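Notes follow once the structure below has been shown.
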Amino acid sequence: MRQRGRKPAADLATVTTVQDLRRVERLMPPYGIGDEEAEVWIRIVEDQAADAFSGKDADVLAAYCRHVVRGNRIMQLIAQAEGGDALDTDEYDKLLKMHERESRAMSSLATRLRITKQATTNHRGNDQGKKRKAPWQIEG
């Protein structure tokens, strides 16, 4: 039966130890992913908590990285088209549609991976997605 009232100072002075202190390894880019995609992968994984992604997230994260790289390449082509003397409106329109398609795919995958502000905050802007870590938990 529990004792009522304040706890004695001797009970409060006892220190509990953590038995299962382990290092959580971050998810590494899969073999066969391009250099640019690997850079995006590392940037995303490093921005999240060490245990935010697991092996089951690898395929979706790899697809997200591919869409980011493709979107960047399309933006380079759009910038070249805008900087040129004769702007071919049909080609320009195709590039804009391609970029919109990549942007939609990126947005959808980012939300599914919970790496967007929308996925990690509530309607008041309070951070809901990230778990609070205890001081003894190590991120790797």
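Summary table
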{"item": "For region 58-113, diffusion coefficient by Stokes-Einstein and Kirkwood Rh (Cα), 25 °C, 0.890 mPa s, µm²/s", "result": "205"}
{"item": "Residues of type aspartates and glutamates that Lys117 reaches as a straight line, Cα spacing below 13 Å, ignoring anything fewer than 8 places off in the same chain", "result": "Asp47, Asp127"}
{"item": "Integer Hz, Karplus 6.51/-1.76/1.60 couplings in order for region 51-63, x for Gly and Pro", "result": "9, 5, 10, 10, x, 5, 8, 4, 5, 5, 5, 5, 5"}
{"item": "Derived scalar couplings ³J(HN,Hα) [region 73-86; Karplus, 6.51 cos²θ - 1.76 cosθ + 1.60; whole Hz; x for Gly, Pro]", "result": "5, 5, 5, 5, 5, 5, 5, 5, 5, 6, x, x, 6, 9"}
{"item": "Computed E for Asp90/Glu39 - FRET, C-beta separation, R0 35 angstrom, nearest 0.05", "result": "0.60"}
{"item": "For region 24-41, Karplus couplings with θ = phi - 60° (6.51, -1.76, 1.60), whole Hz, Gly/Pro x", "result": "8, 7, 6, 5, 8, x, x, 5, x, 7, x, 5, 5, 5, 5, 5, 5, 3"}
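Every read-out reported here was derived from the displayed coordinates using simple, explicitly stated rules and does not represent laboratory data. Just so you know, these numbers come straight off a predicted model, no measurement behind them. Glycine gets a Cβ as well: all are built from the backbone with ideal geometry, and neighbour counts include every protein chain shown.
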